[in-house]
Structures are given as C-alpha cells and as structure tokens.
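Student: Below is a structure I'd like to ask you about.
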C-alpha cells in the first residue's frame, strides 16, 4: 500500500466520497464508484473505509481511508 492524495465531495458528512485521486503527481477523476465498504477493528471503534473506483481514464483503483484521515492505494489495475 502507498499513500495517495484524494479530493472528496463533502456533503452532510465530512469527506463522503472520493472525486479525484492523485498518484505520482497525476490527477485521476473518478467516473464511477464501483463499491464501498466500512471495516471496523475488533476491540476499537476505528473505521476504515474501502472504495473501488473507476477513473475517467479507465483505471480501476482500490483505495482506503483510515481512521487517522490518511488515504492509501491498495491496488491499481486496468479496466477490461
């Protein structure tokens, strides 16, 4: 996993959904949110949010937002 910069739409909650992801200085606009899930650690109340997104340039990215506010890229692949 590596840290990435993510711009989000902030609606009723802070940082709801990713809108742009910057990887190695290149910005990728999110075309579609493919899936979203929340994982809670046993023994703590810290949530990690997982997102699978499709970018306008055809990348499929798995990113996560941890309880400390950091964003990480878990996987990047090409769409088929």
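The values are calculated or read from the model by the stated rules, or taken from the named source; none is laboratory data. Keep in mind the model is a prediction, meaning the values are calculated, not measured. Heads up, the Cβs are rebuilt from the backbone with ideal geometry, glycines too, and the neighbour counts pull from every protein chain shown.
Student: For residue 38, state whether it is buried (at least 16 other Cβ atoms within 10 Å of the Cβ) and either under 17 Å from residue 73 (Cβ atoms) or free of Cβ contacts under 8 Å to residues at least 40 places away in the same chain (or both).
Tutor: Considered against the rule, which asks whether it is buried (at least 16 other Cβ atoms within 10 Å of the Cβ) and either under 17 Å from residue 73 (Cβ atoms) or free of Cβ contacts under 8 Å to residues at least 40 places away in the same chain (or both), residue 38 comes out as no.
Student: Restricting the search to the stretch 20-32, which residues are modelled with pLDDT under 95 and surrounded by 11 or more Cβ atoms within 10 Å (Cβ to Cβ)?
Tutor: Matches in the stretch 20-32: 23 only.
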